[in-house]
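Report on the structure given below.
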Amino acid sequence: MHDVIILGAGPAGLTAALYAARAGLDTLIIEKGQVGGQISTTLAVDNYPGLLDAQGPDMSEVMLEQAESFGAKRVVDEIVSIELDGDTKILKSSKETYKTKALIYATGANPRKLQIPGEAEYTGKGVGYCATCDGAFYQGSDIYVVGGGDAAVEESIFLSKFGKRVIILYRGEKLKAAQSIQDKAKTIPNIEVRYNEEVKEVMGEMFATKLRVVNNKTGEEKVYTAEEGDPDVGLFIFAGYIPNTQLVDGLLDLEHSYIKAGEDTKTNVPGIFAAGDVRTKTVRQVVTATSDGAVAALAADKYIQSLS
């Protein structure tokens, strides 16, 4: 029986492990994949307070090391079912059963991918999913944005501060973003929209330099490339996020597939806390994930004390 199990080893989960272990709780981290979550695939993280020239994989390893230094344990396993009835929470994998008094659910969310050639290869090297995280790396570049909803247009407005041009590529004939957001984008001279266009391939060498695009109405194919003397192109994909909540669908209250939890990270089930990108929130950044992790661990500690 563990005091607290943390499902997920991204920034939220690792911070929760640090705070829980430091509070003297028997703390177990369960992660099926790579430590660090999304930041493990980010070459540079330059908006985390107090760190200069930070690299995502290095940050992940330091966070894990810090949590383990206070006694947190980590196992690599994939949970396939969860039982939340009663004071004991039970997590099962194909080979093990884990029991805990409190559960911090920090499995994160994954950007919806286009699933096109070159997308995975150039992620972090021209392809991005977070303008706030990576926009400043594309100063003076032609930046292409895929999507037509609120996020795509809002992030295009943000990216217009950095890009030579910001070109929204939308597969439909009319943007889905709120009209007020569209109106704001129209006032920015270096933003343009190209309709009925879909990116089919990302090409380059060390970094992305070309995009193969097809007009889904006419069938015309084009290759967009950086102009001579310009920096390499940037491609930001805003096709939505997929929260990793499959295990708790039907067990916890969800909203648009995200776990309903406020700034206190408490869910509708006592002893279950949601931290990081997996919960309902307006900002999903490393710094907000670590904040959630700290809050969830302290809340779990108070909950465990209430059981005795």
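Annotation note: trypsin sites (Lys or Arg not before Pro) in segment 196-264 located in DSSP loop regions with a Cβ neighbour count of at most 13 within 10 Å are Lys217.
The HN-Hα couplings worked out from phi for segment 130-141 by the Karplus form 6.51 cos²θ - 1.76 cosθ + 1.60 (θ = phi - 60°) are 9, 5, 4, 6, 10, x, 5, 6, 10, 4, x, 8 Hz, whole numbers, x standing for Gly and Pro. DSSP bridge analysis restricted to the chain gives an antiparallel fraction near 45%, rounded to the nearest 5.
Which GluC sites (Glu not before Pro) from segment 29-116 combine a DSSP loop assignment with at most 14 other Cβ atoms within 10 Å?
Values: sites: Glu31, Glu61, Glu65, Glu68, Glu78, Glu83, Glu96; in loops: Glu78, Glu96.
Sparse-neighbourhood loop GluC sites (Glu not before Pro): Glu78, Glu96.
Between amide H atoms placed 1.01 Å from N, distances below 5 Å from Gly163 occur with Gly140, all of them 5 or more places distant or on a separate chain. Stretching the chain fully between Val223 and Asp46 yields a gain of 60.6 nm (0.36 nm per residue, less the alpha carbon separation).
The loop-placed trypsin sites (Lys or Arg not before Pro) in segment 121-164, going by DSSP, that have at most 14 neighbouring Cβ atoms within 10 Å of their Cβ come out as Lys161. Membrane-span-like helices in the chain (whole DSSP H runs, Cα extent of at least 24 Å along the helix axis, mean Kyte-Doolittle hydropathy of at least -0.5): 286-307. Please find, in a Gaussian network model of the chain (springs between Cα atoms separated by less than 10 Å), the residue of Pro189, Pro117, Pro49 whose mean-square fluctuation is greatest. Evaluated over the chain, the most mobile residue of the options is Pro49.
Taking the DSSP beta bridges in segment 80-216 as the whole, what percent of them are antiparallel, to the nearest 5? Could you put the intermediate results ahead of the total?
Details: 14 of 25 bridges.
Looking only at bridges with both residues in segment 80-216, the antiparallel portion is about 55 percent.
Each residue of segment 253-266 was assigned a 3J(HN,Hα) from its phi angle through the Karplus expression (A = 6.51, B = -1.76, C = 1.60, θ = phi - 60°), giving 5, 10, 9, 6, 6, 8, 6, 6, 7, x, 5, 7, 6, 7 Hz with x at Gly and Pro.
Peptides 102-109, 229-236 ranked from most to least packed by the mean count of surrounding Cβ atoms within 10 Å: 102-109, 229-236.
All of the numbers you see were taken from the coordinates with simple rules; none came from a lab. Please read all numbers here as calculations on a predicted model, not as lab measurements. Note that we place each Cβ from the backbone using ideal geometry, even for glycine, and neighbour counts take in every protein chain shown.
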